[in-house]
Structures are given as C-alpha cells and as structure tokens.
Amino acid sequence: MWPLTIKQFLATWTQTDIKPFIPISDQPGFIKNLSSQSIIIVGNGPSAIGQDKGSAIDAFDSVVRINNYVTKGLESQVGSRTDIWVNGANQGLKKRFDFPDNILVMIPPVVLDGKGDAIHRRIQNRLGTAAYTLLAVDVMSEMEASCGIERPTTGFFSIYFFYLLGLDVTLHGFDFFVGSKVHYFDGAVKRWFKDRGIIRKANKHDVGAEKKFVEDLIQRAEIKLLQG
C-alpha cells in the first residue's frame, strides 16, 4: 500500500496538478522500464482495423495488447509487435502459443479476495504458462475505488493503470462496445451471434461509464488517441 492511496490523491487533484500516480518504482522490472518510453495500448474494438496503422503502432517504444488480441494476418492494420500482454485470465481467454515477453494479469479485486492464493492455479491453467505478473489486489482495489466504476473491463483497467503510472499513453481501437459487441478479430458467424445478443458480451461491466471516464482523460490531454 502506498503512503497515499489513489483515492486520497484524486481527492486533492485538479486539472492543473500533476496527474495522479502509482509509484512506478514499486512495480516489476518490465514496468519500471516504461518510465521514459512511448506506449500504445491497442484495444480489440472494430475501429482497430480498417486503416493501415500497423507501422505507426509498431513505431511506439512499447505495444500493449489486451486479452484475445490477434495480429497474424492483420499486421498492416494493428501492427506485429506485442511487448506487454494484459489479460484478465477469464474463462473466455484463449491459450496462446506465441507468448510475449511480458504478461500482466489484472483480475477484479472481488475475485482476488475470494480466491486468495488459489487464483494462481486458475491463471496458469487458463494462460498455459506460469511466466506472468499478477497485479496485486491492493492495487486493483485502489483503482476500482478511485475510478468509481464497479468491476471495470480489462481494457479499462489497462488504460487506467498505465495512466496512473504517469506514462506517455496513446490509445487505439477502444470502442467500449458502443454500437456493437464484436471484436475486430471475430469471424462472421460470431459477429452475427453477438450483434443479435445470442452471445452476450460485457453485461457485467458499465461500459458507458468507462467510455465517459476515458473520454474525459482524452479531453484533458492526459492520454492521447493515435492520429493519422
């Protein structure tokens, strides 16, 4: 736990202050190394494709991707590099055979509190590897409490975490399920089922609140969208 909690810091923060932060010095080595880097977080919304942004994405110092991301065959649109894979080790997570060097697992605090140390067996089973970093429950709890959004998505947690570290963050491909529940990598059949509500997606999350929160950060120029 920090000397000052995120919630306490936010209570004293105004738009003219330095952005709220999680001390990067307390984080694992691969997170500490981000302190002087440009970072792009690529979401899985449909807007991630349709434009040839691959080269622009790969030009960032570090590329962060979420859950069941796909790059193969889409390199010209979403890039080819993945430096950090952020996932929630949820039941819909597909096992990968191309593990990035750095895997960061973010699980809602209510789940972490309920499972305790037993959560590691579940994570390893779902990821297919033991080479991951689990973000601590106190960090997850502080983030959830300070944003005021109950059980955010992995994508939102990722944005908020890297923002709170005080890093230079750019976003691409985050649609917050507005207008469609599909991901850019979904096939035609899965898209059909999702758009008709047969396959339900994001029902546990307040994606409207997440969208507004992130848009406010963009409006204040605290984080950026990929341009061009």
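The values are calculated or read from the model by the stated rules, or taken from the named source; none is laboratory data. Only a predicted model underlies this, so the values are computations on that prediction, with no experimental measurement involved. Counting neighbours? That spans all protein chains shown, and the Cβs are built from the backbone with ideal geometry, glycine included.
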Inset, instruction - Output the residues belonging to segment 38-61 that are touching a helix residue (DSSP H, G or I) at 6+ places or on another chain (Cβ under 9 Å), small (Gly, Ala, Ser) and over 12 Å from GLU75 (Cα atoms). - result: GLY43, GLY45
Legend entry - Close pairs from segment 201-212: first farther than 17 Å from LEU93 by Cβ, partner at pLDDT 75 or above and of a type in the set (Val, Ile, Thr), Cβ under 9 Å, at least 6 apart: ASP206/ILE149; VAL207/THR153; ALA209/ILE149; GLU210/ILE149; GLU210/THR153; GLU210/ILE159
Legend entry - Meets criteria (on the phi > 0 side of the Ramachandran plot and at pLDDT below 65) for PHE193: no
Legend entry - Residue identified as more than 19 Å from LYS204 (Cα to Cα), touching a residue at least 12 places away in the same chain (Cβ under 8 Å) and within 14 Å of the chain's Cα centre (by Cα) among ILE123, ILE107, ILE84, ILE119: ILE84
Inset, instruction - Among the residues of segment 162-189, write down those that are at pLDDT below 90, out of contact with any Ser or Thr (no Cβ under 7 Å at 6 or more places or on another chain) and either assigned to a loop (DSSP other than H, G, I, E, B) or crowded, with 16+ Cβ neighbours inside 10 Å (or both). - result: PHE176, PHE177, VAL178, GLY179, SER180, LYS181, VAL182, HIS183, TYR184, PHE185, ASP186, GLY187
Legend entry - Subset of segment 66-92 (residues that are in contact with a helix residue (DSSP H, G or I) (Cβ under 8 Å, 6 or more places away or on another chain), more than 15 Å from GLY43 (Cα to Cα) and assigned to a loop (DSSP other than H, G, I, E, B)): ALA89, ASN90, GLN91
Inset, instruction - Looking for whichever is at pLDDT 90 or above, among the β-branched types (Val, Ile, Thr), part of a loop (DSSP other than H, G, I, E, B) and in contact with a strand residue (DSSP E or B) (Cβ under 9 Å, 6 or more places away or on another chain) here; the options are ILE123, ILE107. Which one fits? - result: ILE107
Inset, instruction - Determine whether GLY116 is touching a Pro at 6+ places or on another chain (Cβ under 8 Å) and over 17 Å from GLN27 (Cβ atoms). - result: no
